[in-house]
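Here is the structure we will look at.
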Amino acid sequence: MQSERGAYVQGETCLPKPLEHLSKEEIERKRVIATIMTKTLSHLTQEYIKNGFEWLLPVIFSKSTDPLWPDPGASIEKRIEAEIYGEMVRTTLSMIVHKIVASSLLIPKLFTLSPNVRIERRDRCLTGWHLYEFTQLDFEVREATSSDIMNFVDKLIKNLILYLRNNAKDELEYLESYNRLNVPDLPLKVFDRIDLEEKYGKDWENVFKENIREPAWVVNIPREFYDYEDFSTGRWDNYDLFLPKYGEVLSGSRREWEYSKIIRKMERDNIRRENFTLLLKLAREGKIKPSAGAGLGVERLVCWIVGSKHIGEVQIFPKIPGLVYDL
Ligand code: ASP
Ligand code: MG
């Protein structure tokens, strides 16, 4: 690996270096990106609070976490389990189960900034779009529909860009992003995954992101049991937001809440019920309420805003698949 402009070069891709190896100019660029991160987080969290969401702190260890399966995009090399107090727990893959339970039992509108540990296959270091540890702005709304969430996200993205153009102009100009970052027209366009598959084939995600100029939605994607599936039509009531040239930045859905459906899907997909004991108990007792929500990848969003070649650049301590630095 040679060293070049803030990065280790591997093949065609530059892998971001740890802080202690950055030159003076590289430190300067990293500092400006950190300011964009601060302004982005400050704006987004205020928007959620203004819209009546409660802010939950994240969890790290739980008996239940996101199965991340079946998901055609997943490439988890290793799942982390640890024994504490004689019980087996897992590090958070996403707080999906917590969101469904908390929005059902306690807080109808919630969000959290949640560290997710996903030990991706090491070849994913080269995508420039994967990390083994990242932060998700994960949110859930009791009784919401998919359109409620998609409309909310449309405005969130548009307002964020407006905010940054007005309040981070110098930083965006320094990063050569100001002219690229246009305020999108709403509503953002919506595409059905079936049409994209027909048009672009199996690799539709990669072709699609090259063919959009503004963030755009893809709906109806088969995946984990918690996304709502209409058994009579085979349609999935879920949605992903894609960023031009970069890829998926947010995914979410209306949720399954009925015990019989959840069980049927777990059996079909070979999901181990014993990893979801509490969720199943609450669903059986009718305590899980319909909800919808989504998770927004914070580093992915900022990577697109600042125009980084590799997402590890927006982390102060890069967590690049296959590369374990000291910090
Ligand atoms: N946070 C979930 C995930 O990581 C997305 C969602 O809310 O559906 O897949
Ligand atoms: Mg998911």
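Just so it is clear, none of the values below were taken in a lab; they were calculated from the coordinates. Please read all numbers here as calculations on a predicted model, not as lab measurements. Positions of Cβ are backbone-derived with ideal geometry, glycine not excepted, and every protein chain shown enters the neighbour counts.
Computed extension length for ILE316-ASP148: 57.1 nm, one decimal, from 0.36 nm per residue of separation with the Cα-Cα distance subtracted. For the chain, a crude dipole built from +1 on the beta carbon of Lys and Arg and -1 on the beta carbon of Asp and Glu, taken about the Cα centre, is about 420 debye to the nearest 20. A straight line joining the Cα centroids of region 64-89 and region 289-327 runs 19 Å. A dipole drawn for region 89-224 from +1 and -1 charges on Cβ atoms has a positive end, and of PHE152, LEU126, LEU106 the residue lying farthest that way is LEU106. Averaged over residues, the count of other Cβ atoms within 10 Å places the peptides 277-286, 82-91, 195-204, 104-113 in the sequence 104-113, 277-286, 195-204, 82-91, highest first.
Per-residue ellipticity at 222 nm from helix content only, as computed over the chain with -39500 (n - 2.57) for each DSSP H run of at least four residues, stands at -10000 deg cm²/dmol. If we count every other residue with Cβ under 13 angstrom of ILE149's Cβ, Lys/Arg +1 and Asp/Glu -1, where does the sum land? Value of the local net charge: -2. Farthest towards the positive end of the charge dipole of region 181-284, among the residues TRP204, PHE225, PHE191, is the Cα of PHE225, using unit charges on the Cβ of Lys, Arg, Asp and Glu. For region 175-304, the dipole from Cβ point charges (+1 on Lys and Arg, -1 on Asp and Glu) about the Cα centre works out to 480 debye, to the nearest 20.
Each Lys or Arg adds one and each Asp or Glu subtracts one; over the other residues with Cβ under 14 Å from the Cβ of VAL190, this totals -4. Entry note, region 48-119: relative contact order of 45 percent, from Cα contacts under 8 Å with a spacing of 6+ residues. Computed about its Cα centre, the charge dipole of region 61-219 is approximately 160 debye, with only Lys, Arg, Asp and Glu carrying charge at their Cβ. In the structure shown, the pairs LYS261/LYS319; LYS155/LYS309; LYS169/LYS199 are assessed against 30 Å; a Cα-Cα span above that value is assigned to LYS261/LYS319; LYS169/LYS199. Across the options LEU301, LEU323, GLY312, the greatest Cα extent toward the positive end of the charge dipole of region 263-327 (unit charges at beta carbon of Lys, Arg, Asp, Glu) belongs to LEU301.
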